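Working notes, beginning with the structure itself.
The values are calculated or read from the model by the stated rules, or taken from the named source; none is laboratory data. As the structure is a computational prediction, the values presented were derived from the model and not from experiment. Note that we place each Cβ from the backbone using ideal geometry, even for glycine, and neighbour counts take in every protein chain shown. Quick note on the areas: whole protein, heavy atoms, side chains included, nothing else; ligands and nucleic acids left out. Shrake-Rupley method; radii C 1.70, N 1.55, O 1.52, S 1.80 Å.
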Amino acid sequence: FWFFLINIINITGNAILIYGFKCGTEGVAVPTLLSRIVGAVLITVLLFDKKHELHLSFDPKIYRFDKNMIRRILYIGVPNGLENSMFQLGKILVLSLVSTFGTYAITANAVANVFASFQVLPGTAMTLAATPVISKCVGANDYSQAKYYVKKLHIITYICMALLGLV
């Protein structure tokens, strides 16, 4: 039921804003954002409903402020966030430069980006594959096997990326 409600909000909002108010891109963006907000609120309410077997509960005794853990997370997260921000800024600068060249350059840039994305597919796929494999090894307290699989997956990834790079 909730799934249909969220999609109805999105579809009717799109229809009203695009055809009724003659909005362009914002006529699609606003209802999509609104439907996702409604979906997030609904799923949060459902997650805290105690009549479900699997639910969340807020217990202040369980959730406590751990300064050392937060410091360790921020030590990794802040540089990673800054690096990602700089990368996205570079993409925006390149795209703004390409957009001044006309339709053909924009199309060529989009096609080139699609082809370039194939080169990083093995890395993305191995990241998804490595998480459960290494988690299982660490959960079994077999750290030597976890190191073995990390090395093996890295080698496979590098070989696949090199082959795609050569192609």
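Screening Asn10 against (1) under 30 Å from Leu164 (Cα atoms); (2) open to solvent by less than 100 Å² (accessible area, probe 1.4 Å); (3) polar (S, T, N, Q) leaves a single unmet condition, (1). If we scan the range 31-44, do we find a residue that is open to solvent by 80 Å² or more (accessible area, probe 1.4 Å), more than 16 Å from Ile9 (Cβ to Cβ) and assigned to a helix (DSSP H, G or I)? The answer is no, given that none of the residues of the range 31-44 is open to solvent by 80 Å² or more (accessible area, probe 1.4 Å), more than 16 Å from Ile9 (Cβ to Cβ) and assigned to a helix (DSSP H, G or I). Residues Tyr148, Tyr143: which one is over 30 Å from Ser96 (Cβ atoms), modelled with pLDDT of 90 or more, surrounded by 12 or more Cβ atoms within 10 Å (Cβ to Cβ) and hydroxyl-bearing (Ser, Thr, Tyr)? None of the others qualify; the one that does is Tyr148.
Applying the criterion of being under 30 Å from Thr44 (Cβ atoms) and of a type in the set (Phe, Trp, Tyr) to the residues of the range 55-110, the residue that is surrounded by the most Cβ atoms within 10 Å (Cβ to Cβ) is Tyr75.
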